[in-house]
Amino acid sequence: MRRLRHSNVAFSFTIAFLFVTTGAFAQDGDRRSRGAPRPVTVPVTIRVKKPEVEIRIVDLLIREDGDVQSMLSMRKPADNPITLAVLLQDDLVSSIANEAKTMTRFINQLPPGSRVMVAYIRSGSLGIQRKFTNDLSKAAAAVRPPLGVASAGPYNPYVEIIEALRRFDSQPLGRRAMIVVSDGLDLSRGLDSSSPGQSLDLDRAIAQAQRRSVAIYSIYAPPAGGTYNQLLAINGQSCLQKISDDTGGRAFFQGTGAPVSFDLFLKDINSSLGQQIALTYLSTHPNKGFHRLDIKPLDRDVEIRHPAGYPR
């Protein structure tokens, strides 16, 4: 074991239909002095609470650093298939081996045109089983059970998550996501780095995902070895929660132990991917640094999930 602005959007569940109208945005002299506005693309999941309504008009208010922004475009699931990376940590408990078939089935059932990469987080460097491909059968066939031995595990999953994120640079810009099955623990600098507030590589991974518009969905599983304690489990889960929340994804746990099955988790992820859009807006803040993002629905029957922001 390892050691210690405002726009109208029509969104439908039954028919993929989006309608966008944009208004004018204000730009004062101070912003012009910082440079020209630039387009920014972010992953946004729109979930309507009343699926029986075929078409809903969803009012969205887009703010960056507190200022209203102008929407440029939306790429919806029907015309922009997902680009998805699937990462599994190689030293997870042996019961996770049973979920390889579940993941294989999930990949095979993705919509045609989806591009998938399969890789393993392990000791050393990221193990690429299959590069990005739109041949879903080949991607699914690349999934194998994790080795399930402590010696196969990394001290830090986030370094290899960053390595996987760089693989998106060769892919078309649009709807992007990553599924990470991991214990979430960074022990590269001792116990202190295992908490989400102390892991430098966790922060780096979040920044790289936000920069590349990748929503990260994480599934927690404990590592093999048997000496894992509850404090470490909670720290690992908190780190996975942070990377998912800050990138517009979602984290999945089942207590502090191994999940009985991935079925419900992957069903929820599949639903989220089907409701994810790639939203492009014109940012009026071209200066370097972190830019905080706030997208709010003006309808009580709608939930929005999006990244906390992005670095430039």
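The values are calculated or read from the model by the stated rules, or taken from the named source; none is laboratory data. Given the structure is predicted, the values throughout are model-derived calculations rather than measurements. Backbone-built Cβ (ideal geometry, glycine too); neighbour counts: all protein chains shown. What goes into the accessible areas is simple: the full protein's heavy atoms, side chains included, and nothing from ligands, DNA or RNA. Shrake-Rupley method; radii C 1.70, N 1.55, O 1.52, S 1.80 Å.
Entry note, region 126-278: relative contact order of 23 percent, from Cα contacts under 8 Å with a spacing of 6+ residues.
Please give me the summed charge of the neighbours of Pro39: other residues whose Cβ is under 13 Å from its Cβ, Lys and Arg +1, Asp and Glu -1. Mind dumping the intermediate values first?
Working: positive: Arg38, Arg75, Arg312; negative: Glu64.
Once positives and negatives cancel, what remains is +2.
For region 226-295, the alpha carbon positions stretch 51, 29, 15 Å along the principal axes, listed from largest to smallest.
Two decimals is fine: what's Rg over Rh for region 196-236, C-alpha atoms, Kirkwood radius as Rh? My calculation of the ratio gives 1.06.
Rg over Rh for region 131-289 works out to 0.97, both radii taken from alpha-carbon positions and Rh defined as the Kirkwood radius.
Working ranking of peptides 204-214, 89-99, 179-189 by packing, defined as the average number of other Cβ atoms within 10 Å per residue, highest first, is 179-189, 204-214, 89-99.
Using a probe radius of 1.4 Å on heavy atoms only, what accessible surface per residue do you get for the chain? Whole Å² is fine. Walk me through the numbers before you get to the answer.
On the way: 13120 Å² over 312 residues.
Averaged over the residues of the chain, the accessible area is 42 Å².
Given a 1.4 angstrom probe, I'd like the percentage of the accessible area of the chain that is carbon and sulfur, rounded to a whole number. Carbon and sulfur: 50 percent of the exposed surface of the chain.
Note on Lys288: aspartates and glutamates with a C-alpha under 18 Å away, same-chain residues under 8 apart excluded, are Asp30, Glu64, Asp65, Asp67, Asp203. The translational diffusion coefficient of region 168-211, from Stokes-Einstein at 10 °C and 1.306 mPa s with a Kirkwood hydrodynamic radius over alpha carbon pairs, comes to 130 µm²/s.
The per residue volume of the convex hull around the alpha-carbon atoms of region 66-172 is 140 Å³.
Between Asn270 and Ala141, 0.36 nm times their residue separation minus their Cα-Cα distance comes to what?
Numbers: separation 129, 0.36 × 129 = 46.44 nm, distance 1.89 nm.
Result for the pair: 44.5 nm of gain on full extension.
Hey, how much of the P(r) for region 99-222 falls beyond 17 Å, as a percent of Cα pairs?
Details: 4490 of 7626 pairs.
More than 17 Å apart: 59 percent of the Cα pairs in region 99-222.
Global dimensions of the chain from alpha-carbon coordinates: Rg and Dmax equal 19.7, 61 Å. Between Ser170 and Ala308, the modelled labels are 3.2 nm apart [label points 7 Å from Cα along Cα→Cβ].
Ala97 to Asp299: FRET efficiency via 1/(1 + (r/R0)^6), r the Cβ-Cβ distance, R0 35 Å, to the nearest 0.05? Spell out each step's value before the answer.
On the way: r = 44 Å, r/R0 = 1.25.
According to the calculation, E is roughly 0.20.
The alpha-carbon of Lys131 sits under 21 angstrom from the alpha-carbons of these lysines, leaving out residues fewer than 8 places away in its chain: Lys101.
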